[in-house]
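Down below is the structure, laid out as structure tokens.
The values are calculated or read from the model by the stated rules, or taken from the named source; none is laboratory data. Not measured: the values here are computed from a predicted model. Cβ placement follows ideal geometry from the backbone for every residue including glycine, while neighbour counts extend to all protein chains displayed. Keep in mind that these areas ignore ligands, DNA and RNA; they rest on the heavy atoms of the full protein, side chains included. Shrake-Rupley method; radii C 1.70, N 1.55, O 1.52, S 1.80 Å.
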Amino acid sequence: MPTEFEPFPHLDGIRKPPPATIVIFGASGDLTRRKLVPALHSLACADLLPDRFLIIGAARSKLSDDDFRSRMKEGVASFGRLGLEECGAWDDFASHLHYLPIQYDDPASYRDLAAFIEKLEAQHEVPPNRLFYLSTPPTLYVPIVERLGETGLARCVGDFTRIVVEKPFGRDLESAHELNERLHEVFGEDQIYRIDHYLGKETVQNIMVFRFGNAIFEPIWNRRYIDHVQISVLEDVDVGRRGGYYDQAGVLRDMFQNHLMQLLTLVTMEPPTAWDATLLRDEKVKVLRAVRPPQGAAVRTNTVRAQYRSAHGDGPTYRKEPGVDPKSETPTYAALELYIDNWRWQGVPFYLRSGKALARKVTEVVIQFKEVPHLLFDEHTPDAVAPNQLSFCLQPDEGFHLRFQTKVPGAGMRTRSVQMTYMFASTFGEKALPEAYERLLLDALLGDASLFSRADGIEFSWRIIDAIQQAWERGEGPPLTFYEPGTWGPPAADVMLAASGREWSLSCVD
Ligand code: BG6
């Protein structure tokens, strides 16, 4: 039965974090207003924030505490999973919000910040447990980290000092490695929380529960029973106002290095022996190390790169977006065929695709099982031999489907494909799924890094992306093709699968 509105079902036994101060750098930006503070507000509604806490916004804009609070109030009202009325505790929450204007590269600003934090901690009896959050443009990460180091703010003076680093984490292996080194000069690896918001999504975490919380799937989760796997992260939005950033990044860096690689590792990693950040991330790194990016002639046949372009000018065209080079070759869509060189997955193709300005927003992972070895029933409807398929629908309609064969009632032995469907909303209620940032902020406060990336994981993931990106830049890739906005992408992506007699599946849309 659908429940009535129950924003945080089943919270018994969930720990509350210890008293702490959260300092957000880049607090006047969009992420803070749209995601971070609404997530903290939802956690406060669920009584999941510490008994004593402070949230300090720091950025260049000259705002007062009151200005900051009213901006955040508007953010919660517009973007919060739980609105102001549903929660009804805005005034209390707002009293924990403070703001300090700073210059990111100026040591004096950090001395002011240290004094500001200490004064508030003393006033509100909050011990010096601190979580710094880098929500600024990535070029500011190193200067901020260095200044935190110089002023002693990175030192652990209470129970913890941690730093959350937003994406993008580097733009290739070299820059990611360099960023890791610079962070490690100031913070220990166990203090660093590299965020990938996909890992905060409930349905993404559920891939692990599905695989390792049920006995019936793991025995068939391998090359003997699985024909291939598809991971589709399709977006209907275009690049909008992000052209300046996007044209330097492209879809491989923006979506594949982080989100799609995370999904790939969750589907393919070996079971860790416990739910533990080190063990879990060890398994993820092992599988990332085994991913073989296309090389040589395969770069041409096993990768697709494309850009959206409206043929009749009535839709968006990437090259006309603000901030985009009118001759840009940056792909807004890519499809890849990857292989994993280990015992479990040898020879199984993994098809990954992602793009902008497509027909709908859909994120799904499809496990396509092999056909039955011998078919007994020949009086079938056209789709009767469709092999079993398990689809994880990650967004927007969260749930999963299992396709299997059944007998058509009546004479003969006619078969037909049917779906067994489970949707989260029908069990847990429409608003039950927390926002990714709620989970991740809570975990960072609790000191659980399981859902954050480790230095080596990020670098192995960049190794895969770099190999493809560099092959494309050397001209070894397929030609850039174009697709009409509002479609499901370029025909070249269909051709890539058709070469092995396969086709893309869209199981999570009607
Ligand atoms: C971000 C990318 O990391 O993820 C964006 O930079 C993309 O380009 C977004 O739109 C997608 O996230 P979600 O949660 O909407 O699937």
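Of note:
- Helices (runs of 4 or more DSSP H) wholly inside the range 256-373 containing at least 1 residues that are surrounded by fewer than 18 Cβ atoms within 10 Å (Cβ to Cβ): 277-290, 298-301
- On inspection, Gln262 does not qualify as touching a Phe, Trp or Tyr at 6+ places or on another chain (Cβ under 9 Å) and free of Cβ contacts under 8 Å to residues at least 60 places away in the same chain.
- Conditions (1) under 19 Å from Val237 (Cα atoms); (2) touching an Asp or Glu at 6+ places or on another chain (Cβ under 9 Å); number of the one not met by Gly313: (2)
- Flag set for Leu148, criterion: among the aliphatic types (A, V, I, L, M), in a helix (DSSP H, G or I), touching a helix residue (DSSP H, G or I) at 6+ places or on another chain (Cβ under 7 Å) and farther than 19 Å from Gly170 by Cα.
- Any hit, the range 211-218, residues being in contact with a strand residue (DSSP E or B) (Cβ under 6 Å, 6 or more places away or on another chain), under 30 Å from Glu435 (Cα atoms) and surrounded by 15 or more Cβ atoms within 10 Å (Cβ to Cβ): no
- When the range 162-197 is filtered for residues that are assigned to a helix (DSSP H, G or I), within 16 Å of the ligand (Cβ to nearest atom) and open to solvent by less than 10 Å² (accessible area, probe 1.4 Å), only Ala176 remains.
- Condition check for Val366: at pLDDT 95 or above and within 16 Å of the ligand (Cβ to nearest atom): no
- Matching residues, the range 227-248, being out of contact with any His (no Cβ under 9 Å at 6 or more places or on another chain) and open to solvent by less than 10 Å² (accessible area, probe 1.4 Å): His228, Val229, Gln230, Ile231, Ser232, Leu234, Val239, Gly243, Tyr246
- Taking each residue of the range 241-254 that is within 14 Å of Gln469 (Cα to Cα) and looking for partners that are within 8 Å of the ligand (Cβ to nearest atom) with beta-carbon atoms closer than 7 Å, six or more apart or interchain, yields Ala249/Pro168; Arg253/Pro168; Asp254/Tyr246.
- Whether a residue is surrounded by fewer than 20 Cβ atoms within 10 Å (Cβ to Cβ) and within 21 Å of Gly29 (Cβ to Cβ) was assessed, and Asp112 passes this test.
- In the range 390-439, residue least open to solvent (accessible area, probe 1.4 Å) [restricted to those that are of a type in the set (Lys, Arg) and modelled with pLDDT of 90 or more]: Arg403
- Of the residues making up the range 270-283, not a single one is within 15 Å of the ligand (Cβ to nearest atom), among the aliphatic types (A, V, I, L, M) and touching a residue at least 40 places away in the same chain (Cβ under 8 Å).
- Of all residues in the range 115-135, exactly one satisfies the criterion of being open to solvent by 10 Å² or more (accessible area, probe 1.4 Å), over 16 Å from Pro19 (Cα atoms) and not in a helix (DSSP H, G or I), namely Ser135.
- Restricting the range 224-244 to residues that are at pLDDT 95 or above and within 11 Å of the ligand (Cβ to nearest atom) leaves a set whose member that is nearest to Glu321 (Cα to Cα) is Val239.
- Residues within the range 79-99 that are among the polar types (S, T, N, Q) and open to solvent by 70 Å² or more (accessible area, probe 1.4 Å), tallied: 0
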